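Just so it is clear, none of the values below were taken in a lab; they were calculated from the coordinates. Since the structure is predicted, the reported quantities are computational estimates derived from the model, not experimental observations. Positions of Cβ are generated from backbone atoms using ideal geometry, with glycine treated the same way; all protein chains shown enter the neighbour counts.
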Amino acid sequence: MNQANENSTLSTHDVEDDERNRDIKIYINGDLLHREEAKVSVYDAGFMLGDGMWEGMRLYNGKWAFFDAHMDRLFGSCKSVGIDIGMDRAGILDALTQTAEANGMVDDAHGRLMVTRGLKAKPFQHPHLSRTGPTIVIIVEHSRPAENLQKRGIHLATVPQVRGLPMSQDAKHNSHSKLNCIIACLQAEQAGADEGLMLDPHGFVNTTNACNFFIVRNGEVWTSTGDYCMNGVTRRNVINLCKESDIPVFEKNFSLVDTYTADEAFLTGTFGAQTPVTIIDGKKIGDNEGTGPVTTKIRNLYKELVRRETA
């Protein structure tokens, strides 16, 4: 089991250990292979250049939650960079279902669906060198968030690495090229934090290196404008839930001053849903230990939404 004390480093993707994951089967272009045999070529555009898109998806009660929203993002991103997935949504769903069933998974499972531009004829950059069609990989693991995340919360450090402008690398793409986020994660680690809090190009608070970011102030929920942040499915679900439940919610610019003096803060992502943030740049957030009351309410609303979605 993944355990951590008060001073150890966590991440929003910390999981409870599950030995079954050592014996899973992985989908690669229609084949289901044991994880020890599941490999892609060194000539694959995803390996060579980070040229591809991915989705993180969660399996509840045998159903992939918010499947249509994830497919909207995947197909939109692939279209925008000229990657032909080579199958429709029904085909993707069938591949996901095959993979989960091959591993006996119906709940507490997390899938990573990856689509790259495929094999390259030569080890160079030009997209036209990928001539064999896409590479599609699906990894599904038994995956339950570490229990101590909700109690301890995530510790953030503001990092110099920023979420860039759309004309450099649009954060709305779930691109295989994650170097920007990896650098932010390394900077946070060097500062003794779990993850990095990234600003936008104008100095306003944006996201972390892995998740979208929210604060709670005087009963209001704030998140970034969305201009530079990841196109998060869970982020949008949280915003919609707040609107439906009469919780004031705002997509707006706000600064670190607003963040340090917030009553609560939390992260959103498909894996962890809503994960509390308890320390930012060494400053304790609010008076709560772990999840605050507004975050708790949103978590409960989200659990009910998932229950309805996957009933």
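Measure nothing fancy, just the Cα-based angle from helix 89-102's long axis to the longest principal axis of the chain, in degrees from 0 to 90, nearest 10. Tilt relative to the chain: about 90 degrees. When the trypsin sites (Lys or Arg not before Pro) in the stretch 114-183 are filtered for DSSP coil states and for at most 12 other beta-carbon atoms within 10 Å of their beta-carbon, the remaining sites are ARG131.
Annotation for the stretch 236-288: trypsin sites (Lys or Arg not before Pro) lying in DSSP loop with at most 14 further Cβ atoms inside 10 Å of their Cβ are LYS252. Between GLU189 and GLU309, the distance separating the two model label sites (each 7 Å from Cα on the Cα→Cβ line) works out to 3.0 nm. Report, in degrees rounded to the nearest 10, the 0 to 90 angle that the Cα long axis of helix 233-244 makes with the longest principal axis of the chain. The angle comes out at about 40 degrees.
Of the residues VAL42, ASN61, PRO160, the one whose Cα sits farthest towards the positive end of the charge dipole of the chain is VAL42 (charges of +1 on Lys and Arg Cβ, -1 on Asp and Glu Cβ, taken about the Cα centre). Note: the stretch 148-309, Cα convex hull, 108 Å³ per residue.
Assuming charge only on the beta carbon of Lys and Arg (+1) and of Asp and Glu (-1), the dipole of the chain about its Cα centre is about 660 debye to the nearest 20. Residues of the stretch 127-169 with an amide N closer than 11 Å to a point placed 7 Å from the Cα of ASP31 along the Cα-to-Cβ direction: none.
Stokes-Einstein diffusion for the chain at 20 °C, viscosity 1.002 mPa s, with a Kirkwood radius from C-alpha pairs, works out to 106 µm²/s. Placing unit charges on the Cβ atoms of the charged side chains and taking the dipole of the stretch 226-311 about its Cα centre, the candidate lying farthest along the positive direction among ASN300, ASN288, CYS229 is ASN300. Relative contact order for the chain: 19 percent, from Cα pairs under 8 Å spaced at least 6 residues apart, divided by residue count. In terms of its Cα atoms, the stretch 19-142 spans 42, 32, 18 Å along the principal axes, sorted from long to short.
Calculated mean residue ellipticity at 222 nm for the chain: -8000 deg cm²/dmol, from DSSP H runs with n ≥ 4 weighted as -39500 (n - 2.57), summed, divided by the residue count and rounded to 500.
Can you list which of the GluC sites (Glu not before Pro) found in the stretch 88-176 are DSSP loop residues with at most 14 other C-beta atoms within 10 Å?
GLU147
Most simply put, the stretch 148-309 has about 70% antiparallel DSSP beta bridges, counting only bridges with both residues inside it.
Fully extending the segment from LYS39 to ASN61, taken as 0.36 nm per residue of separation minus the present Cα-Cα distance, adds 5.0 nm.
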